[in-house]
Structures are given as structure tokens and as C-alpha cells.
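K.L.:
One structure, pasted below without further comment.
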Amino acid sequence: LVHSTEYLAGQIASVHNLTFYLWLVKQARQQIINGTFREWKDVMVKKLMTRL
């Protein structure tokens, strides 16, 4: 879809990105509640930096 410049490609990418960020914020919120945010953040930053 991206190579054929379909508008649907951008829409799908946007939905995917929003879903990811909602998941990430939900996880962060849960870690804050559990009192383990700092440790979780350190692990997640490393994972995200290697995946992006």
C-alpha cells in the first residue's frame, strides 16, 4: 500500500501507532501503580531503542 501511495497505508499506520502508544501508556500506568515504573522504564527504553 505504501509503494502504491494508497491513502489506506497512512490510515493503517496511524491506527497501528495509536494502538501501540495506548498500550504503552496503559503499561506505564500499571507499573506506576505497582511501584515498579523506574525498573520497567529502564528495560522498555532499551527495548524500544533497539527496535526503532
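The values are calculated or read from the model by the stated rules, or taken from the named source; none is laboratory data. What you are looking at is a predicted structure, and each value in this text was computed from that prediction instead of being measured. Cβ placement follows ideal geometry from the backbone for every residue including glycine, while neighbour counts extend to all protein chains displayed. SASA here: full protein model, heavy atoms, side chains in, ligands and nucleic acids out. Shrake-Rupley method; radii C 1.70, N 1.55, O 1.52, S 1.80 Å.
K.L.:
Against the longest alpha carbon principal axis of the chain, how many degrees, from 0 to 90 and to the nearest 10, is the axis of helix 7-34 turned?
P.N.:
That works out to roughly 10 degrees.
K.L.:
Which of ALA9, TYR21, VAL45 sits farthest toward the positive end of the charge dipole of the chain, with +1 on the Cβ of Lys and Arg and -1 on the Cβ of Asp and Glu?
P.N.:
Of the candidates, VAL45 comes out farthest on the positive side.
K.L.:
To continue, here is another question. Between PHE37 and TYR21, what length comes free when the chain is fully extended (0.36 nm per residue of separation minus the Cα-Cα distance, one decimal in nm)?
P.N.:
Here the answer is 4.1 nm.
K.L.:
Using a cut-off of 13 Å between beta-carbons, work out the net charge of the residues near GLN31 (Lys and Arg +1, Asp and Glu -1, GLN31 not included).
P.N.:
Local charge sum for GLN31: +2.
K.L.:
Would you mind telling me the share, in percent, of accessible area of the chain contributed by carbon and sulfur at probe 1.4 angstrom?
P.N.:
Percent of accessible area from carbon and sulfur atoms in the chain: 64.
K.L.:
Sticking with this one: Leaving out ligands and nucleic acids, note down the accessible area per residue over the chain with a 1.4 angstrom probe, in whole Å².
P.N.:
Here the residues of the chain average 95 Å² of exposed surface.
K.L.:
How far apart, in nanometres, would the label points at LEU48 and ILE12 be if each is projected 7 angstrom from Cα along the Cα-to-Cβ direction?
P.N.:
So the label points at LEU48 and ILE12 sit 2.5 nm apart.
K.L.:
Angle, helix 37-51 long axis vs. longest principal axis of the chain, Cα atoms, 0 to 90°, nearest 10?
P.N.:
Between helix and principal axis, roughly 30 degrees.
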